[in-house]
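Report on one structure; see the data block that follows.
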Amino acid sequence: MDFSWSDEQLAYKRAVVGFAQKELRNGLMERDQKAEFSRENWNKCAQFGIQGLPFPETYGGANADILTTMLTMEGLGYGCADNGLIFAINAQMWSVQMPIFKFGTELQKQKYLPGLISGQIIGAHGMSEPDSGSDAYSMRTRAEKVDRGYVLNGSKTFVTNAPVADMAVVFATVDPKRGMWGVTGFVVDMGTPGFTVSRHIDKMGLRTSPMGELIFEDCFLPEENRLGPVGAGANIFKDSMEWERACILGSHIGTMELQLERSIAYARAREQFGQPIGKFQTVANRIVDMKVRLETARLLLYKVAWLRSQGKSATMEAAMAKLYLGEAFVQSGLDAIRTFGGWGYMTEFEVERDLRDALGGVLYSGTSDIQRNIIARYLGL
Amino acid sequence: MNHETILLEYIKQELLRGRKSDLKVEDDLLSNGIIDSLGILQLVAFIEERFHIQVPDEDVVFENFQSVKVLSDYLAKF
Ligand SMILES: Cc1cc2nc3c(=O)[nH]c(=O)nc-3n(C[C@H](O)[C@H](O)[C@H](O)COP(=O)(O)OP(=O)(O)OC[C@H]3O[C@@H](n4cnc5c(N)ncnc54)[C@H](O)[C@@H]3O)c2cc1C
């Protein structure tokens, strides 16, 4: 067992932290208030190489392994306070770029990957529907087979990046009676007749990541827009979710580390009853718990990344990491606010935003309840 | 033991756990919900470990997993 990172990996992480601290902090409080997405910062990340990290150089990527990618996300989470931007980038990387890279035809890869990686275009991922969330495969969006292609009808909701997207990976069923075996993936470009993006959906946290709905009304997609084989959509989706669960959480580790450091600094500086509040055991213990939670979360996540780097299936481990990190990030946000007292509750102190952002993490990519279901099943329950 | 016997035993013992002890190799595993989406994940993980093969994600389709018989025929190609 080797827990050490190479000098190269650590140097890259430091570079990412430096880049994020310098380049991605501008005007965040206003953007959060106005729920504004920064295309400028998205492009800066692309230029730095974030979007392309684990993808081959042929498509403009850096060919990094999963461990390095996850460590980079950790650095991004530590250096970049804009959790919404990081979330939006991860949503594209794992549920748009990765399925195209793994299941797409060479033509689809050539068409989309270089643009997505360079920041020239943005992608969204449509799975959830108004009537199907956790039970994703009970979707209503239909893909009816016609001559030379498919006609899609239905709608997708809670779609991250939808209002700013140039293309989307979407799932529709070719036969609702087949359940998960009818689910089929497609790529679709904005501007395709019958395909529209409706309203911007406002939300509690991750406010700088745009969200909307995708509507399909007799939308014809030629055969070459199908992603992977007919009926393989459920497995394509599962693969994306495993990547997303591992990597999106990497940034949470970075953010929790920053919350811990800020809490320690504040507990040492803030005095009440004639001494630093960190000298009160209840305050100290709360910060100790933050530290223990951070380290256990980190170990769970590194294990998932390691398993995947060995080419091993990690369904249960990814579910454990998603469950634990999602909940740990919420708890860490609460603990930080308690440590900062009333100041922690005030927007200007930039502590409360993390808690609002963290709550999304117990819902997206499968709620905590769903992660528990997966783990229970793997335990034979 | 051949693929069919090993798969039948695993599905009966681990995925069905007594719910359908008379499962046959030709029975439709998917249309009647005998195996759900989580069950498929477990089955693929079992196949990969037991038979030392990597099932490509794009091969996890109805046509290859519909019954123990169909699945065994698919696995025989490795
Ligand atoms: C910030 C954010 C970004 C998102 N981005 C995207 C995106 O880009 N693309 C996309 O397609 N979707 C996206 N989603 C949607 C997300 O995947 C769904 O919200 C999620 O899958 C839950 O579905 P639901 O909201 O319909 O809740 P429901 O499935 O209706 O669940 C409601 C409650 O019931 C519980 N529940 C449901 N079934 C079970 C069960 N079997 N056992 C125990 N409890 C259960 C849930 O845990 C939850 O507490 C996003 C969501 C959020 C919050």
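Where a number appears in this text, it was derived from the coordinates with a stated rule and is not lab data. Keep in mind it's a predicted model, so treat the numbers as computed, not measured. When we count neighbours, we look across all protein chains shown, and the Cβ atoms used for this are built from the backbone with ideal geometry, even at glycine.
The tail of the calculated P(r) for the range A:292-348, taken as Cα-Cα distances beyond 12 Å, holds 69 percent of the pairs. Measuring between their Cα centroids, the range A:137-193 and the range A:302-324 lie 29 Å from each other. Here the range A:123-231 has an Rg and Dmax of 13.3, 44 Å, counting Cα atoms alone. Note on B:Lys20: lysines with a C-alpha under 24 Å away, same-chain residues under 8 apart excluded, are A:Lys177, B:Lys12, B:Lys69. Note on chain B: dipole from Cβ charges, positive end direction compared against B:Ala45, B:Ile35, B:Leu23; the farthest Cα belongs to B:Leu23. Where a ≥ b ≥ c are the square roots of the eigenvalues of the C-alpha gyration tensor, would you call the range A:7-118 rounded, which needs a/c under 1.5, or, failing that, prolate if a/b is larger than b/c, or oblate? Oblate, since a/c reaches 1.5 and b/c is not below a/b. The phi-based Karplus calculation (6.51 cos²θ - 1.76 cosθ + 1.60; θ = phi - 60°) puts the 3J(HN,Hα) values of the range A:120-132 at 5, 10, 10, x, 10, 10, x, 10, 4, 10, x, 9, 9 Hz, whole numbers, x for Gly and Pro. Distance between the pseudo-spin-label points of B:Glu26 and A:Glu30 (7 Å out from Cα toward the beta carbon): 7.3 nm. Shown here for the range A:219-298: chymotrypsin sites (Phe, Trp or Tyr not before Pro) in loop regions (DSSP other than H, G, I, E, B) with at most 16 other Cβ atoms within 10 Å, namely A:Phe273, A:Phe280. For chain A, modelled as a GNM whose springs connect Cα atoms under 10 angstrom apart, the maximal fluctuation among A:Asn153, A:Asn90, A:Asn161 occurs at A:Asn153. In terms of the Cα gyration tensor, with a ≥ b ≥ c the square roots of its eigenvalues, is the range A:234-378 rounded because a/c is under 1.5, prolate because a/b exceeds b/c, or oblate? The shape class here is prolate.
Kirkwood radius and radius of gyration were both taken over the C-alpha atoms of chain B, and their ratio Rg/Rh is 0.91. Summed over qualifying helices (DSSP H, 4 residues or more, each -39500 (n - 2.57)) and divided by its residue number, chain A shows a 222 nm mean residue ellipticity of -16500 deg cm²/dmol.
Basic side chains Lys and Arg get +1 at the Cβ, acidic Asp and Glu get -1 at the Cβ, and with that the dipole of the range A:48-193 about its Cα centre reaches some 420 debye. Amide hydrogen proximity for A:Asn63: with H placed 1.01 Å from N in the peptide plane, the residues at 5 or more positions away or on another chain lying under 5 Å are A:Phe55, A:Glu57.
Using the Stokes-Einstein relation with a Kirkwood hydrodynamic radius computed over Cα pairs, the translational diffusion coefficient of the protein assembly as shown at 37 °C and a viscosity of 0.692 mPa s comes to 141 µm²/s. A DSSP coil position with no more than 11 other Cβ atoms inside 10 Å describes the following trypsin sites (Lys or Arg not before Pro) in the range A:138-232: A:Arg148. Mean separation of Cα pairs under 8 Å and 6 or more residues apart, divided by the residue count, gives chain A a relative contact order of 16 percent.
Work out the FRET efficiency for A:Asp289 and A:Asp369 from their Cβ-Cβ distance, taking R0 = 22 Å, and round it to the nearest 0.05.
For R0 = 22 Å, the calculated efficiency reads 0.40.
Given R0 = 22 Å, the distance between the Cβ atoms of A:Lys145 and A:Thr192 translates into a calculated FRET efficiency of 0.80. Taking every alpha-carbon pair under 8 Å whose residues sit at least 6 apart, the range A:122-243 reaches a relative contact order of 29 percent. Residues A:Leu300, A:Leu381, A:Leu67, A:Leu152, ranked from the fewest to the most other C-beta atoms within 10 Å, line up as A:Leu381, A:Leu67, A:Leu300, A:Leu152.
With contacts defined as alpha carbon pairs under 8 Å and 6 or more residues apart, what's the relative contact order of chain B in percent?
Values: 55 pairs, mean separation 29.4, N = 78.
Normalised by residue count, the contact order of chain B is 38 percent.
Under a model in which nothing but the beta-carbon of Lys, Arg (+1) and Asp, Glu (-1) is charged, the range A:7-118 shows a dipole of about 200 debye around its Cα centre.
Using r as the Cβ-Cβ distance of B:Asp36 and A:Gln21, and R0 as 51 Å, what FRET efficiency do you calculate, to the nearest 0.05? It comes to 0.65.
About the centre of its Cα atoms, the protein assembly as shown shows a dipole size close to 960 debye [charges on the beta carbon of Lys, Arg (+1) and Asp, Glu (-1) only; nearest 20 debye].
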